[in-house]
1. Would you mind calculating the relative contact order of the chain from Cα pairs under 8 angstrom and at least 6 residues apart, reporting the percent as a whole number?
2. Give me, ordered by chain and number, the residues 5 or more places off G40 or on other chains with an amide H under 5 Å from its own placed amide H.
3. Report, in degrees rounded to the nearest 10, the 0 to 90 angle that the Cα long axis of helix 108-118 makes with the longest principal axis of the chain.
4. Within the P(r) computed for the chain, what percentage of the Cα pairs occupies the region above 22 Å?
5. Before rounding to the nearest 500, sum -39500 (n - 2.57) across all DSSP H runs of length at least 4 in the chain and divide by the residue total; then give [θ] at 222 nm in deg cm²/dmol.
6. Taking the number of other C-beta atoms within 10 Å as the exposure measure, put T43, T62 in order starting with the fewest.
7. When you count, for each residue, the other Cβ atoms within 10 Å and take the mean per peptide, how do 103-110, 53-60, 67-74 rank with the highest first?
Amino acid sequence: MHPYILKEDVSILQGEHPFRTEIAAGPFRLAADEPFKLGGQNTAPNPYELLLAALGSCISITLRMYAERKGWAINDSTLKLNFRQEKSEKGLITYIVRRFSFNPSLDEEQQQRLIQIASACPVSKILLNTVIMENEPSRF
């Protein structure tokens, strides 16, 4: 039993340019590419930027829902994300850094609560838990 199943699959199609990828997510169209220095055409965000965008947008939506229920003003708040990877004895460790800048009308306690809530967004939960990738045979 799956508690949450996407209604639409995300489809990926190789583009005409080296490394450009066309993405279909339901009725929406996106693209991904690599920068010039990696052989791409730099025509779209790279996959790491899209990952951070997915996480950031999920956090933003979750914070908006929470703040609206509480009656807190979060307009003019921003979130910036980046990541770094480090090798360790246990393998590669990825650090995602979230930098929050909240509306100045929020007090310190409200801001700390919003930072806690950020980790409760669905994409954060996916990244913080075990992920198992499965492959299915082609149905073409």
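1. Details: 163 pairs, mean separation 20.7, N = 140.
It rounds to 15 percent for the chain.
2. For G40, whose amide H was placed from the backbone, the distant partners under 5 Å are E34.
3. Taking the Cα atoms of the chain, the angle to 108-118 is about 30 degrees.
4. Working: 5366 of 9730 pairs.
Roughly 55 percent, rounded to a whole number.
5. Details: 3 runs with 42 residues, N = 140.
Helix contribution divided over all residues of the chain: -9500 deg cm²/dmol.
6. Ordered from fewest to most neighbouring Cβ atoms within 10 Å, T43, T62 come out as T43, T62.
7. On the way: 103-110: 12.1, 53-60: 17.1, 67-74: 13.9.
With the highest mean Cβ count within 10 Å placed first, the list reads 53-60, 67-74, 103-110.
Computed from the coordinates by the stated procedures, all read-outs in this text should not be read as laboratory data. Keep in mind the model is a prediction, meaning the values are calculated, not measured. Note that each Cβ is placed from the backbone with ideal geometry, even for glycine, and that neighbours are counted across all protein chains shown.
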